[in-house]
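Visitor: Sharing a structure, written as structure tokens. Questions coming.
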Amino acid sequence: MKVTSCLFLVILVSAIQTGQSDEEQVSLIRSEITKAETAYREAIDKAKKLVLDALDAKDQEARANQDLQLLEKVRTEKTKFLRNESFPTTINMNEYHVAVAVARSDLMKAYLTARNQYVKLGKLHQAKILDAELDKLIAKAKLNFVPVTTQDPPDPAQQAKVEDQDSRTLWVHSEGYFMKGLGKDWFELWDFGRKPPFLFIETHRNSEFVELVRRVDQAIVRLYNDRMLVKFPGRKSFEFHYEGKWQKAAP
């Protein structure tokens, strides 16, 4: 997906530099949008297949264990997932949510790049169409998937604590900060803003920490109330990285 987005930018810039006509540039933009949309659909289909395969495996497990209750639940969840009604709770959905967030982010970048090129060419109608498509993606990205628990519903005091934890959207350290974006997206501004930000995907949160995965290398970050731990690719355990704390984000 990242290679596709980069090629999109290179091709558009190349078209401008070689002096192509407006009509040729519009045709090129449309072609690259189609490629980005195709890549997005393929990524979503692949993510859905991961879920369906996991549900099928859980189905087999329930049958092998003669667990009627689990079998009924798995099959109900599969039906609802295929109808886009709800997400399964009997399997781990982290990989699915990360894949969808990455695919959506890549498509949004492609749309935004194309939209800006249309504006530069004075093609307002085409630019507005892409604005509408961006609004749809943003609306989807705003859906936050709350981790499901098998415990009894919390009492009001516990619920207030959970809501307070869900307000954790800004974590500040000595050289920058982590900030939550749309949906599951997070960004880290570091080295006092002198270097490009890192993009992360939120995969889990509980009362102790918020867990993020860095897109560029799949490093796992855990943000606590007073420190940040990191598990780099190939490492078996988390390591202390630096101190920091949660702060209230500006409205």
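Visitor: Of LYS49/LYS180; LYS78/LYS184; LYS48/LYS128, which pairs sit farther than 25 Å apart, going by alpha carbon to alpha carbon?
Guide: Details: LYS49/LYS180 28 Å; LYS78/LYS184 23 Å; LYS48/LYS128 30 Å.
Listed pairs above 25 Å: LYS49/LYS180; LYS48/LYS128.
Visitor: What FRET efficiency, computed as 1/(1 + (r/R0)^6) with R0 = 45 Å and r the Cβ-Cβ distance, is obtained for ARG227 and ARG75, rounded to the nearest 0.05? Kindly include the intermediate steps, with their values, before the conclusion.
Guide: Working: r = 43 Å, r/R0 = 0.96.
Efficiency at R0 = 45 Å is approximately 0.55.
Visitor: Along the range 24-30, what does the Karplus equation 6.51 cos²θ - 1.76 cosθ + 1.60 (θ = phi - 60°) give for ³J(HN,Hα), rounded to whole Hz, x for Gly and Pro?
Guide: Each residue's phi maps through the Karplus curve to give 5, 5, 4, 4, 5, 4, 4 Hz.
Visitor: Related question: Per residue, how much accessible surface does the range 210-251 expose to a 1.4 Å probe? Answer in Å², no decimals. Provide the component values of the computation, followed by the final result.
Guide: Details: 2750 Å² over 42 residues.
Normalised by residue count, the accessible surface of the range 210-251 is 65 Å².
The values are calculated or read from the model by the stated rules, or taken from the named source; none is laboratory data. Please read these numbers as outputs of a predicted model, since none were measured by experiment. Cβ atoms come from the backbone with ideal geometry, glycine included; neighbour counts cover every protein chain shown. SASA here: full protein model, heavy atoms, side chains in, ligands and nucleic acids out. Shrake-Rupley method; radii C 1.70, N 1.55, O 1.52, S 1.80 Å.
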